[in-house]
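What follows is a single structure, written as structure tokens, with notes after it.
Where a number appears in this text, it was derived from the coordinates with a stated rule and is not lab data. Note that the structure is predicted; figures quoted are calculated from it, not measured. Because the Cβ atoms are built from the backbone with ideal geometry, glycine has one as well, and the counts that use them run over all protein chains shown.
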Amino acid sequence: MAEAVTKVPAENRKAIRKAFPLISRIKDKQIRDGVVKAWYIAWRESSFDKLEDCPFALQAVPGDNLVKHINASTAGAYAMGKQLQREYDMKLDLDHIIAGGLLQNLDKLVMLEKKGEKIVLSPLGTRIVHGAYGGHIALLAGLPQDIVFIIMAHSPSVKAEPGTPEASLICHTENATVRALHAASGVPLSGGH
């Protein structure tokens, strides 16, 4: 079970920041550090040696992985947020969009596991809805409740409506990313993601 950490080892911090370059755009140091801590907490508990080894889903599109998926959908939500600010003078917390986007699928590191050459649901993955454990880890990492909510409400498998503009951007940009990848690859979309 996930445990809070006070310090992330330098080599892990470097690997996490390299995997998710948008971390550097988070202005609030506490949120930036919380994102790194959350990834470290989940990674410690996972069966994957490298973050890039974790697929996005059990039936992933060839060439896709968790890191690529998160970077693509978060960059899309961030770009849309900046455009909404320009066009509508919308008040958005871009730090929350980036952090929520980068952590939206954090729990997949522990909900999926490698068994030999196969990827299967872990015992945790069979018992808990996607998003819930990621929200728990984000709380352990000291992140604000609004970011936790983005993580917990982003997936269609959760029946909560994204109640903030930031959560809506993450939810719908991720959904668009999944659908576009599946349409482009010809791999049928199955169930939730």
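Looking only at the range 77-103, how many residues end up being surrounded by 19 or more Cβ atoms within 10 Å (Cβ to Cβ) and either of a type in the set (Val, Ile, Thr) or free of Cβ contacts under 8 Å to residues at least 60 places away in the same chain (or both)?
Residues flagged as surrounded by 19 or more Cβ atoms within 10 Å (Cβ to Cβ) and either of a type in the set (Val, Ile, Thr) or free of Cβ contacts under 8 Å to residues at least 60 places away in the same chain (or both) within the range 77-103 amount to 3.
Quick one: Lys114 ticks every box in (1) closer than 21 Å to Cys171 by Cα; (2) touching a Phe, Trp or Tyr at 6+ places or on another chain (Cβ under 7 Å) except a single one, so which number is it?
(1)
Go through (1) touching a residue at least 12 places away in the same chain (Cβ under 8 Å); (2) under 17 Å from the mean Cα position of the chain (by Cα) and name the single condition Lys18 misses.
All conditions are met except number (1).
Do you know which of the residues in the range 104-129 that are among the small types (Gly, Ala, Ser) and touching a residue at least 12 places away in the same chain (Cβ under 8 Å) is nearest to Asp53 (Cα to Cα)? Quick ask: steps written out before the conclusion?
Kept after step one, since they are among the small types (Gly, Ala, Ser), are these residues of the range 104-129: 116, 122, 125.
Pick out the ones that are also touching a residue at least 12 places away in the same chain (Cβ under 8 Å) and you get 122, 125.
Numbers: Ser122: 15, Gly125: 17 Å.
Of everything passing the filter in the range 104-129, Ser122 is nearest to Asp53 (Cα to Cα).
Anything in the range 47-103 that is under 30 Å from Gly116 (Cα atoms) and in contact with an Asp or Glu (Cβ under 6 Å, 6 or more places away or on another chain)? List them, or say none.
Ser47, Phe56, Asn65, Val67, Ser73
Scanning for something within 20 Å of Gly125 (Cα to Cα), touching a Phe, Trp or Tyr at 6+ places or on another chain (Cβ under 7 Å) and either touching a residue at least 60 places away in the same chain (Cβ under 8 Å) or surrounded by 21 or more Cβ atoms within 10 Å (Cβ to Cβ) (or both), does the range 42-53 turn up at least one residue? Show your work before the answer.
First pass over the range 42-53, keeping only residues within 20 Å of Gly125 (Cα to Cα): 42-53.
Imposing the further condition that a residue be touching a Phe, Trp or Tyr at 6+ places or on another chain (Cβ under 7 Å) reduces the set to 51.
Add one more test, that the residue is either touching a residue at least 60 places away in the same chain (Cβ under 8 Å) or surrounded by 21 or more Cβ atoms within 10 Å (Cβ to Cβ) (or both), and what stays is 51.
So far as the range 42-53 goes, yes, one or more of its residues are within 20 Å of Gly125 (Cα to Cα), touching a Phe, Trp or Tyr at 6+ places or on another chain (Cβ under 7 Å) and either touching a residue at least 60 places away in the same chain (Cβ under 8 Å) or surrounded by 21 or more Cβ atoms within 10 Å (Cβ to Cβ) (or both).
Could you go through the range 50-67 and let me know if any residue there is more than 22 Å from Ser155 (Cα to Cα) and either in contact with a helix residue (DSSP H, G or I) (Cβ under 6 Å, 6 or more places away or on another chain) or aliphatic (A, V, I, L, M) (or both).
No - not one qualifying residue is present in the range 50-67.
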